[in-house]
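One structure is given below, encoded as structure tokens.
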């Protein structure tokens, strides 16, 4: 028999794991776990950035907090440069009196970029250190700005060092905007979104609808609630409600499992319902957009919300002035769910038949029938909850 030779080895290229040093700065910054005095903040940015480094494939090296003194920040950067490929200096990249990152980078090398036309993340600083040493990055101190700086600049750099292509999470997903979103034309703006699964009454197909979360570079709660991020490019002043978009999903987000979108009337009774529902869900999961009858009806008819809240006049004859009759003509069968009654009108939810058994509507129906909601209505002057939760079917043949 011929001897069996071992299989020929296939050569592989191996790259060293890039090291990223994280240098937090600030006299007011304290380590996580410390007891804070007035005006002090925890160093949560270091934890976030270190986690993002490791998710991208790098090795994070967290250094102690450096006080707001140029010499001590410079010493921390020099120490980090001995073992790191990239040095992230947190805070101090703006142009304020206590911001020293630009001064330090110029002392140790030079700045290449200081300030970019994006929001959040405008004060970002990119530079080089003398002697072919690591790339320093001045990371803004606000959490949302810090996250954007990493995602837009540091992450792509690390992937290039690792010879990796574009991240899979950078691929957008099809969705429609649930409301108008405006933006300044002179910069790129990144808007954080929640996503909801809604059946479009026109087609009977389920799709994703995106609702913007509160904006602000320091909105830490908003970051936790985010399921996707939408980039509005410079030159655009925003997108209209219903616009087709391609937001980038956030890895690990709940992703449209329980987000509820209601459009229309706001009143003491609807606020009571909203507050109780929010107590049961993660923050940011319930969005109640106050619209007039026409705009709310349009949102429901085009599949941009789960239900609309309206004031139903008990003397209405079902004619053309009746908003519920108008909705039936546009979306077909609906169920009217009473929230509370005041005088000759009732605050009601109007739900298309296709959405009646959906998880968001089922949860709202349970709240309306609860004792807690009845107790909350007792605090609303002039409202009665005696028939709260009563459901009435309406269809074209019932008019």
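Any read-out appearing in this document is the output of simple, stated calculations on the displayed coordinates, not a laboratory observation. Because the structure is predicted, anything quoted here is derived from the model rather than measured. Every residue, glycine as well, gets a Cβ built from its backbone with ideal geometry; the counts of neighbours run over all protein chains shown.
Where the convex hull is taken over the Cα atoms of the range 197-317, what is its projected area averaged over directions, in nm²?
With the hull built on Cα positions only, its mean projection is 9.8 nm².
From the P(r) of the range 46-141, could you give the percentage of C-alpha pairs in the tail past 23 Å?
Of all Cα-Cα pairs in the range 46-141, 19 percent lie more than 23 Å apart.
How big is the antiparallel share of DSSP beta bridges in the chain, given as a percent to the nearest 5?
Given both bridge residues lie in the chain, the antiparallel proportion sits at roughly 60 percent.
Could you tell me the calculated FRET efficiency between residue 28 and residue 223, based on Cβ-Cβ distance and R0 = 30 angstrom, to the nearest 0.05?
Computed FRET efficiency for residue 28 and residue 223: 0.90.
Could you tell me whether the range 21-81 comes out rounded, prolate or oblate from its Cα gyration tensor? Rule is a ≥ b ≥ c as square roots of the eigenvalues, rounded for a/c under 1.5, then prolate if a/b exceeds b/c, otherwise oblate.
Oblate is the answer for the range 21-81, as a/c is 1.5 or above yet b/c matches or exceeds a/b.
For the range 16-52 and the range 134-161, write down the distance between their C-alpha centroids in whole Å.
Here the answer is 15 Å between Cα centres.
Using a 10 Å cut-off around each Cβ, can you sort 25, 260 from fewest to most neighbouring Cβ atoms?
260, 25
Quick one: go through the range 231-254 and flag any residue whose amide nitrogen is under 20 Å from the point 7 Å out along the Cα-to-Cβ line of residue 117.
Counting only backbone N, you get 231-239.
So what is the 222 nm mean residue ellipticity for the chain from helices alone, if each DSSP H run of at least 4 adds -39500 (n - 2.57) and you divide by all residues, rounding to the nearest 500 deg cm²/dmol?
Helices in the chain give a 222 nm mean residue ellipticity of -7000 deg cm²/dmol.
Express in nm, to one decimal, how much length is gained between residue 244 and residue 82 on full extension, taking 0.36 nm for each residue of separation and deducting their alpha carbon distance.
Between residue 244 and residue 82, full extension yields 53.5 nm more.
Compute the distance in nm between two label points, each set 7 Å from the Cα along the Cα-to-Cβ direction, one at residue 251 and one at residue 390.
Placing both labels 7 Å along Cα→Cβ, they lie 5.3 nm apart.
Please give the length that would be gained between residue 344 and residue 16 if that part of the chain were fully extended, namely 0.36 nm times their separation in residues minus their C-alpha to C-alpha distance (nm, one decimal).
Stretched out fully, the residue 344 to residue 16 stretch lengthens by 110.7 nm.
Arrange 266, 194, 341 by Cβ neighbour counts within 10 Å, fewest through most, would you?
Listed from fewest to most nearby Cβ atoms, that is 266, 341, 194.
Rounded to the nearest 0.05, what FRET efficiency do residue 69 and residue 37 give with R0 = 25 Å and r taken as the Cβ-Cβ distance? Could you check?
For R0 = 25 Å, the calculated efficiency reads 0.80.
Tell me, what is the FRET efficiency for residue 55 and residue 362 to the nearest 0.05, using R0 = 35 angstrom and their Cβ-Cβ distance as r?
0.50
Once the piece of chain linking residue 164 and residue 281 is laid out straight, how much longer is it, given 0.36 nm per residue of separation minus the C-alpha distance between them?
38.3 nm
Considering only DSSP beta bridges with both partners in the range 260-398, what is the antiparallel share in %, to the nearest 5?
70 percent
(i) 1.14; (ii) 1.11; (iii) 1.70: which one is Rg/Rh (Cα atoms, Kirkwood Rh) as calculated from this entry?
(ii)
Just to be sure I understand the model, the point goes 7 Å from the Cα along the line to the Cβ. What's the resulting residue 313 to residue 353 distance in nm?
2.8 nm
What is the Cα centroid distance between the range 247-303 and the range 352-399, reported in whole angstrom?
Each part's Cα centre sits 15 Å from the other's.
So what is the diffusion coefficient of the range 260-398 in µm² per second by Stokes-Einstein at 37 °C and 0.692 mPa s, using a Kirkwood Rh over Cα pairs?
Rounded, D is 220 µm²/s.
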